[in-house]
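For reference, the structure is listed below as structure tokens.
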Amino acid sequence: MERYYQPEIECAPVEQIKALQDERLVKQVKHVWDNVPYYRKKMEEKGVTPDDIKGTKDMYKLPFLTKDDLRIAYPYGLMGKPLKECVRIQSTSGTTGKRVVAFYTQHDIDLWEDCCARAIVAAGGTDEDVCQVSYGYGLFTGGPGLNGGSHKVGCLTVPTSSGNTERQIMFIQDLKSTILCCTPSYAAYLGETMKEMGLTPDQIPLKAGIFGAEAWSEEMRQDIQNTLGIKAYDIYGLTELSGPGVSFECSEQSGMHINEDHFIAEIIDPNTGEVLPEGTKGELVFTSLTKEAFPLLRYRTRDICVLTRKKCSCGRTFIKMAKPMGRSDDMLIIRGVNVFPSQIEAVLIAAGYPANYQIVVDRVKNSDTLDVQVEMTPEMFADNVGEVKKRQAALEAGLRSMLGISAKVVLVAPKTIARSEGKAVRVIDKRKI
């Protein structure tokens, strides 16, 4: 039976959700105009005032915000509340140049934790569960967000943070952890390590996993589910909007419900900025309706995806976003062809390889090269050079079929590609573009 954390809103009629969004958007635009001079200036440049925004139908009039704006306004330029009302910052991992620093009032944190609690309950979590949070803590939003959500649900929360794999497995076994929250690449690594220890899925107490913070394919999901004997749920979020819990998967596992009482999602053409109709693939743009300290309007995520209001078997009425299909900024263009790492991963996993690989792009004599280093499983690993060459040729054929361009595959011994306890480094682009 499907459970909900806040059924009165998660299952509300769509008209009620849209009316709430209209009301909250008008209020939020006024809040930003009055308190965020940086964005007010952008509105003035576009000739827009709060009076022009009567509801979500007028959103297209508002200017976009991008990561560049966040860097320019760093650190305090986009704050919507005085510093004395802010109680915390979180910051993105791994951005170049200035880091993105997001601010939170206590109210912001409460609402963020509600969103994460909805995700945990959608994954089957109750106050009877032991929830092991193996996302990084500190500035990264993963740990603090799921930690707070787990508390709200009433789970026994095990704040292991990332790393120290032996200790992670000890706690899973000794404390009988039932829900695991971490990056998908770390979940795959935990599963691989437990398998090597001789543990079978029925000896692992976990029943569900909530995995986000990096792109992962359906093939990788199946792999993790089979190894750990769990149901693996996706979760999506950005530090700029609060963190994980902007959207989450339900039992149907066919896309993530966006918490529409807190966020409005749009899909735009990444080149023109034009709003596209529902069901069209494009760039995801979010407006935060309830954030006080860091209220972003029309923030361009650079994630490419599709939105749908198709009725969901779980009973939730929130719009759903597909798993992001790559990004409009770090999408690789190789010899004029758009290549997403998730396409390469799908080919590898379908052919029985683990999700441990590295894509190396370079330019030799003005032509792009695409090398894919792939780990073999211990069973595949052999000294037989002919066998390895045959395997490489088969993968190269599979990649050519998927991508439409040729890639050179290098099969390497098990455990030779560096493991990640945070976001996996999948792509190394050596081109000077």
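Only the coordinates and a few stated rules stand behind these numbers; no lab work does. Given the structure is predicted, the values throughout are model-derived calculations rather than measurements. Here the Cβ positions follow ideal geometry from the backbone for every residue, glycine too, while neighbour counts run over all protein chains shown.
Below, the figures for the structure above:
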| quantity | calculated |
| --- | --- |
| Distance (nanometres) between label positions extended 7 Å along Cα→Cβ at Lys430 and Lys30 | 5.8 nm |
| Highest-MSF residue in the chain out of Ala215, Ala382, Ala322 [GNM, Cα springs under 10 Å] | Ala382 |
| Cysteines in the chain lacking a second Cys C-beta under 4.7 Å | Cys11, Cys86, Cys115, Cys116, Cys181, Cys182, Cys305, Cys312 |
| Cβ-Cβ FRET estimate between Thr126 and Gln16, R0 fixed at 22 Å, reported to 0.05 | 0.25 |
| Sorted by Cβ neighbour density within 10 Å, fewest at the top, the residues Phe340, Phe248, Phe286 | Phe340, Phe286, Phe248 |
| Hz values of 3J(HN,Hα) by residue in the range 159-170 - Karplus curve (6.51, -1.76, 1.60), Gly and Pro given as x | x, 6, 6, 8, x, 6, 4, 4, 5, 4, 5, 4 |
| Residue among Gly125, Gly142, Gly55 with the largest mean-square fluctuation in a Gaussian network model of the chain, springs linking Cα atoms under 10 Å | Gly55 |
| FRET E, pair Asp202, Ser367, Förster distance 45 Å, beta-carbon r, rounded to 0.05 | 0.30 |
| Fewest-first ranking of Leu78, Leu276, Leu65, using other Cβ atoms within 10 Å as the exposure measure | Leu276, Leu65, Leu78 |
| Per-residue HN-Hα couplings for the range 285-299 [Karplus 6.51, -1.76, 1.60; θ = phi - 60°; Hz; x = Gly/Pro] | 10, 10, 10, 8, 8, 10, 5, 9, 7, 9, x, 8, 10, 6, 7 |
| Residue-span extension gain [Tyr74 to Thr272] - 0.36 nm each, minus C-alpha spacing | 68.6 nm |
| Under-5 Å amide H pairs with Ile210, H placed in peptide plane, nonlocal only | Leu180, Cys181, Cys182, Tyr233 |
| GNM result for the chain, Cα springs below 10 Å: residue of Ala122, Ala393, Ala213 fluctuating most strongly | Ala393 |
| Under the Karplus curve 6.51 cos²θ - 1.76 cosθ + 1.60, θ = phi - 60°, whole-Hz ³J(HN,Hα) for the range 237-252, x wherever Gly or Pro sits | x, 9, 3, 4, 9, 1, x, x, x, 4, 8, 8, 8, 10, 4, 6 |
| Lys408/Thr49 FRET efficiency (R0 45 Å; Cβ-Cβ; nearest 0.05) | 0.20 |
| Selection of trypsin sites (Lys or Arg not before Pro), the range 209-297, meeting DSSP coil and at most 13 other Cβ within 10 Å | Lys281 |
| Distance in nm between pseudo-label sites at Ala351 and Met380 (7 Å out along the Cβ direction from Cα) | 0.7 nm |
| Two-decimal log10 I(q)/I(0) for the range 1-325, as the Debye equation yields it once each C-alpha is a single scatterer, q = 0.08, 0.09, 0.10, 0.12 Å⁻¹ | -0.36, -0.45, -0.56, -0.80 |
| Virtual spin-label span in nm between Glu8 and Gln173, 7 Å along Cα→Cβ | 4.6 nm |
